[in-house]
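Input: a single structure, listed below in structure tokens.
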Amino acid sequence: MNKIYLDNNSTTKLDPQVFDAMIPYFNEKYGNASSKTHYFGWEAEAAIEIARKNISDLIKCESSEIVFTSGATESNNISLHNILNLNKSHLITMSIEHKAVLDVCSYLESKNINVSYLKPNKNGLINLKKIKESINKETGLVSIMHANNEIGVIQPIKEIGGICRKNNILFHVDAAQSFGKIDIDVKKMNIDLLSISGHKIYGPKGIGALYINKNKKIKPLFFGGSQENNVRPGTLPVPLIVGIGEASKIASEKMESDFNYILKLKNLLLNQIKKEIPDVIINGDFKNRIPGNLNLSFPCIEGQSIVTSLSKVAASSGSACSSSVPKPSHVLLDIGLNKQLIQSSIRIGIGRFNTKDEILIAAENIIRTVKNKIQL
Ligand SMILES: Cc1ncc(COP(=O)(O)O)c(C=O)c1O
């Protein structure tokens, strides 16, 4: 039986409208966007500029401030590596960031950069006072994620951006989980660099973008061409770019209706579970959270995770990138959960294509699985 897909924080199904928009750029409109001498090249370039505009509209910046990359991981790498070009030796981030930030920070530590990993409070939120106190004259960059990939908690980005601007510090935001789902205004939020991913918003995998404030100079990670303002050389993957552009356009049209629809499904699922298992624990702040994410723990279950025992639901117990590693989630550890609550945790990601019927079946399956484990 096909499982009900409730792992939309990990990745999302390609929207059929996105797929349709991409197809001609594989087999009919196959020009290289860097070919300036003929129609095939102009056609590809025009399609790329439409995609760039769709993305920039969503985060309220200029088209020229968007650089295409292979995904949020690469955008994070480009952003964080720039600390090495700033003549500064201190970077501030959060301990609950995605590995695509934390692993870059480890590398930078080997290059003599001091990194402050700020811990959140028990709701998963950063304390602004801690950021202010951590800044010193060597601080060149602050990198804070917008929404967490495990607990969905949204950080106070505008306020953090204000602190960075005041102190003349470059501010990077990993928005892989929030882009296209909640409002982002990079100018109002004082963001200098923003990482974007295509496959979290019903677009294709292997494509992302980086917003770079036009007043900031960013160096590339690798060399080989002048594409993308010399920040990201290489022939542009036109079909993928058309895909992320179309996905962004749809996200912008449907942001409010998707938000309300997905939130309704999440509340339905939670209420069904609560009715049968009243001591269920919600991990992370419930209010400041992207609509589709639910991270739950069940106090009475010991032992093996419930996620693998669900017969009808595809969910996860941490980030997809680390779920094959049998280490407890660093996010749940850092918001103070004990081993038992981490082991019994389940991350549910509801998306645009889930239905009410699916949610009711999923609720029943989760309840039955948890109750079976309590009786063991
Ligand atoms: C918060 C966060 N950052 C970065 C990434 C990596 O994004 P991509 O797959 O586009 O490289 C993910 C994906 O799981 C994520 O959730």
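The values are calculated or read from the model by the stated rules, or taken from the named source; none is laboratory data. Keep in mind that this is a model prediction, so the values were computed, not measured. Using ideal geometry, Cβ is built from the backbone for each residue, glycine included, and neighbour counts are taken over all protein chains shown. With ligands, DNA and RNA removed, areas are computed over all heavy atoms of the protein, side chains included. Shrake-Rupley method; radii C 1.70, N 1.55, O 1.52, S 1.80 Å.
Could you order the peptides 243-253, 15-25 from most to least packed, using the average number of other C-beta atoms within 10 Å per residue? If you can, show how the numbers build up before the last one.
On the way: 243-253: 23.4, 15-25: 16.8.
Going from most to least packed, we get 243-253, 15-25.
Only helices enter the 222 nm calculation for the chain: every DSSP H run of n ≥ 4 contributes -39,500 (n - 2.57), and dividing by all residues gives -11500 deg cm²/dmol, rounded to 500. Stretched out straight at 0.36 nm per residue, the stretch from D183 to E276 would grow longer than its current Cα-Cα span by 30.0 nm. Between E364 and N136, residue separation times 0.36 nm minus the direct Cα-Cα distance comes to 76.9 nm.
Given a 1.4 angstrom probe, I'd like the percentage of the accessible area of the chain that is carbon and sulfur, rounded to a whole number.
Numbers: 8680 of 16430 Å².
Carbon and sulfur: 53 percent of the exposed surface of the chain.
For the chain, the gyration tensor built on C-alpha atoms gives an oblate shape. Its axis ratio a/c (a ≥ b ≥ c) is at least 1.5, and a/b is not larger than b/c.
Using the beta-carbon distance between K217 and K356 and R0 = 41 Å, what value does 1/(1 + (r/R0)^6) give for FRET efficiency, to the nearest 0.05? After rounding, the FRET efficiency stands at 0.25. Restricting the trypsin sites (Lys or Arg not before Pro) of segment 103-147 to loop positions (DSSP other than H, G, I, E, B) with no more than 15 neighbouring Cβ atoms within 10 Å leaves K111, K122, K137. Is segment 220-376 best put as rounded, prolate or oblate by its Cα gyration tensor, with a ≥ b ≥ c the root eigenvalues, rounded for a/c under 1.5, and otherwise prolate when a/b is larger than b/c, oblate when not? Prolate. Of the residues Y211, Y30, Y261, the one that moves most in a GNM of the chain with alpha-carbon contacts below 10 Å is Y30.
Between K129 and E28, the contour length at 0.36 nm per residue exceeds the alpha carbon distance by 30.8 nm.
Roughly how many debye, to the nearest 20, is the charge dipole of segment 16-250 about its Cα centre, given +1 on each Lys and Arg Cβ, -1 on each Asp and Glu Cβ, and no other charges?
Working: 28 positive and 22 negative charges, 176 e Å.
Dipole magnitude for segment 16-250 comes out near 840 debye.
Taking trypsin sites (Lys or Arg not before Pro) across segment 5-95, the ones in a DSSP loop with at most 12 further Cβ atoms lying within 10 angstrom of their Cβ are K36.
With r as the distance between the Cβ atoms of K166 and K371 and R0 = 35 Å, compute the FRET efficiency 1/(1 + (r/R0)^6) and round to 0.05. Present the calculation step by step, with values, prior to reporting the outcome.
Values: r = 53 Å, r/R0 = 1.51.
After rounding to 0.05, the efficiency reads 0.10.
The lysines within cross-link reach of K129, meaning a Cα-to-Cα straight distance under 18 Å and a gap of 8 or more places when in the same chain, are K119, K137, K158, K166. Taking every DSSP beta bridge that has both ends in the chain, the antiparallel portion is near 50%. Between A175, A46, A100, the Gaussian network model of the chain with springs among Cα atoms under 10 angstrom shows the greatest mean-square fluctuation at A46.
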